[in-house]
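Take this structure first; my questions come after.
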Amino acid sequence: MTKKIKVLTISDHPLLPSGVGTQTKYFIEALIESGKFEVFSLGGAMKHPNYNMMKMSDDWNILPVDGYGDRTKVLSLLEQFKPDLLWFMTDPRYYEWLWSFEDDIRPEVPMVYYHVWDNYPFPMFNKRYYDSNDAIATISKVTSDIVQNVAPGVEEKYIPHAVPMDVFKKVKKEKIDNILSTNPALKDKMIFFWNNRNARRKQSGTLIYWFSEFLKQEGVDSSKVCLLMHTDPADPHGQPLEYLSESYGLKNGEVVFSKAKMGVEDLANLYSMASCTINIADAEGFGLATLESLSCETPVIVSMTGGLQEQVTDGEQWFGIGIEPASKALIGSQQVPYIYEDRISKEDFIAAMNKMYHMSKKEREALGKAGRKHVLNNYNFENYGSQWVEFMEHLHEKYGSWETRKNYKAWRLLEL
């Protein structure tokens with residue numbers, strides 16, 4: 001029997017319904033289903049009810065950790081599990097601690113980073129982190145371009161996010177009608193859907209305010225349209241959305257909150273009953289909800305930032321409405337010295353809402369069908385899985401591990 005390739009992963013907990021958690025789960029399942037890999041996961045980014053090992057299958061175990069783990073835990077697992085590859089994912093700010101001891105890891109095991117970055121200018125301050133990896137996979141065309149320019153000496157591969165299209169698909173009209181018949185707040189209304197975390201960069205409060213302005217300025221019959229927000233309106237990282245709705249006079253069902261956690265099938269129902277899905281975040285590495293929406297044949301309104309811009313158009317055809325930033329503020333912090341924050345204007349947003357609202361149902365359906373075809377061609381689940389399996393096999397062959405480790409030097413020559 002061929003020995004399986006061992007992979008140690010570090011990320012959001014793979015069962016966590018975040019974008020990072022979801023894509024990690026898809027990645028691991030593809031490796032396991034190939035029959036060629038064994039995976040041990042450090043599952044972080046949440047408070048755990050307990051820290052017991054979770055045995056998912058004979059080839060996959062998950063160990064819950066605080067944060068994303070620590071030096072001691074990683075080095076201990078390197079010794080005990082003896083992985084052939086270390087794979088980790090999310091924003092580089094969360095992995096400075098890991099790269100700080102790369103000289104303890106990389107002599108034995110290649111480091112593979114699945115990179116999330118939202119925007120330009122080229123983050124030259126990330127070069128030292130990029131150079132600390134054997135390979136970087138990138139989630140969007142923006143991220144791919146950034147890595148190629150900032151760290152051209154590091155192997156890079158563009159592997160965008162994907163969704164299972166057999167789950168995220170348009171639900172039959174009879175089922176949707178039945179669901180709506182039991183939800184009077186949504187029945188007989190045109191539904192604009194928003195599925196995101198209630199957090200600052202997602203612009204949740206701005207959306208409610210601008211939606212109220214759209215209803216006023218365009219003279220829209222508020223009894224015939226609503227904004228359905230699938231989120232926690234009281235998230236401590238966001239704004240008090242129920243309070244905002246009342247403050248802006250939206251007290252009669254114009255804004256409806258979906259607060260309960262739900263499975264992917266129920267989410268597909270929400271996408272299918274909506275006429276349009278909205279994401280006006282000022283920074284978005286990819287934006288999984290809009291990809292799920294397009295897969296369900298529901299067009300989108302998005303800000304042209306990060307990965308959203310490659311979803312709404314393929315460069316020739318559009319699958320919704322893309323809103324160009326009205327301003328690009330260069331913001332930053334001590335940790336991230338600079339990055340563009342893309343802000344759209346109220347006027348452009350209301351114009352996009354108005355355009356979508358006045359489209360015929362047939363026009364919106366045509367956009368949605370084209371959107372699903374776009375997802376099928378460029379972000380389908382099968383390609384996502386096969387690309388990861390092939391890439392990880394390639395990296396194992398090229399770089400080896402432990403006794404077979406190659407193509408890595410812990411030193412460099414400098415001319416003085």
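Could you look through segment 229-266, keep only residues that are under 17 Å from residue 288 (Cα atoms) and at pLDDT 95 or above, and pick out the one that is surrounded by the most Cβ atoms within 10 Å (Cβ to Cβ)?
The initial filter retains those residues of segment 229-266 that are under 17 Å from residue 288 (Cα atoms), namely 229-231, 261-266.
Checking which are at pLDDT 95 or above leaves us with 229-231.
Values: 229: 25, 230: 20, 231: 19.
Applying the filter and picking the extreme gives 229.
So which residues in segment 317-340 are surrounded by fewer than 18 Cβ atoms within 10 Å (Cβ to Cβ), closer than 18 Å to residue 142 by Cα and not β-branched (Val, Ile, Thr), if there are any at all?
Once the filter is applied, which keeps residues that are surrounded by fewer than 18 Cβ atoms within 10 Å (Cβ to Cβ), closer than 18 Å to residue 142 by Cα and not β-branched (Val, Ile, Thr), segment 317-340 yields 324, 328, 329, 330, 338.
Determine which single condition residue 79 fails, assuming it passes every other condition in (1) acidic (Asp, Glu); (2) assigned to a helix (DSSP H, G or I); (3) in contact with a strand residue (DSSP E or B) (Cβ under 9 Å, 6 or more places away or on another chain).
Tallying (1) acidic (Asp, Glu); (2) assigned to a helix (DSSP H, G or I); (3) in contact with a strand residue (DSSP E or B) (Cβ under 9 Å, 6 or more places away or on another chain), residue 79 fails exactly one: (3).
From the residues in segment 159-208 that are buried (at least 16 other Cβ atoms within 10 Å of the Cβ) and of a type in the set (Ser, Thr, Tyr), which one is nearest to the chain's Cα centre (by Cα)?
So, considering only residues that are buried (at least 16 other Cβ atoms within 10 Å of the Cβ) and of a type in the set (Ser, Thr, Tyr), the one nearest to the chain's Cα centre (by Cα) is 204.
Please specify each residue of segment 26-45 satisfying the condition of being in contact with a strand residue (DSSP E or B) (Cβ under 7 Å, 6 or more places away or on another chain) and either of a type in the set (Gly, Ala, Ser) or in a loop (DSSP other than H, G, I, E, B) (or both). Spell out the reasoning first.
Start the filter on segment 26-45 by keeping residues that are in contact with a strand residue (DSSP E or B) (Cβ under 7 Å, 6 or more places away or on another chain), which leaves 28, 31-32, 36-45.
Scanning segment 26-45 gives 36, 41, 43, 44, 45.
Follow-up. Might you check whether a residue that is farther than 30 Å from residue 202 by Cα, in a loop (DSSP other than H, G, I, E, B) and basic (Lys, Arg) occurs anywhere in segment 55-74?
no
I'd like to check which helices (runs of 4 or more DSSP H) are fully inside segment 90-204 and have at least 2 residues that are of a type in the set (Ser, Thr, Tyr) and at pLDDT 95 or above.
Details: elements: 96-99, 102-105, 127-130, 141-150, 173-181.
Counting at least 2 such residues, we get 127-130, 141-150.
The values are calculated or read from the model by the stated rules, or taken from the named source; none is laboratory data. From a predicted model like this one, the values you see are computed outputs, not experimental measurements. Note that we place each Cβ from the backbone using ideal geometry, even for glycine, and neighbour counts take in every protein chain shown.
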